[in-house]
Amino acid sequence: PNCNYVVTASDDKTCRMWDVQTGRCVRLLSGSTRGLNLVRVSPSGRYLAGAGYGNVVRMWDLGNGRMVNEFRASSPHDSSAFCDGLIQSMAFSTCGAALAVAGEDCAMRIWDVRGAGSHLSNPDYFAATRGPTATSSISDGFARVVTPSQLERLPANEQFRPGTRVPSRVFKTNGVSVLDVKYTKRNLLLAVGNYFA
């Protein structure tokens, strides 16, 4: 996150934050069910996104070490799910509002991660604490309870609310695995893949 710490991902299903001066592990981030090979720290330095084999990107709060959200590709608007392969690249936008994820499944997904650190933005957490028929909606910074039938009547752009686990945009390639994604300083997203003729 800064010059004093480095974060690593591991096949033991954890991420670790290390103190550069002492070489000691100062934070153990757990909760993944598969090995991790990729981590990215948000521009604010508050959150860490981790991914690897499997179909889930997880987000941790670096301040307390708790996993605060998961991002999956399953939704009615995204018929392709992550394959069981490797997530090869992730990038936070310069402003920290978006997270782009790409890999062997020949697609790039972008999530709106504003509010992703709020447990109320995680539908599973919200349903477990508020009842199975409730979903959460974070809009303009205010949380409100919305039933599934009410959610279906919302405009499409309101259904993709910040912090949910549904990607706000999906870009599929023509059979090309995406190797790397980066945001420029002006929030232009660049992607590169391998093409075999």
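A cut-off under 14 angstrom between Cβ atoms defines the neighbours of ASN187, and their net charge, with Lys, Arg +1 and Asp, Glu -1, is +4. Around the amide H of ALA116, modelled in the peptide plane, lie the amide H atoms of GLY163, all under 5 Å away and 5 or more residues distant in sequence or on another chain. For the listed peptides 58-64, 27-33, a ranking on the average number of other beta carbons within 10 Å per residue, highest first, reads 58-64, 27-33.
Each other residue within a Cβ distance under 15 Å of SER89 adds +1 if Lys or Arg and -1 if Asp or Glu, for a net charge of 0.
For ASP61 and GLU104, a Förster radius of 25 Å and the Cβ-Cβ distance give a FRET efficiency of 0.30, rounded to the nearest 0.05.
Read-outs throughout are calculated quantities, based only on the coordinates presented, and are distinct from any laboratory measurement. Just so it is clear, the model here is predicted, and its values are computed rather than measured. Neighbour counts are summed over all protein chains in view; Cβ atoms, including those assigned to glycine, are modelled from backbone coordinates with ideal geometry.
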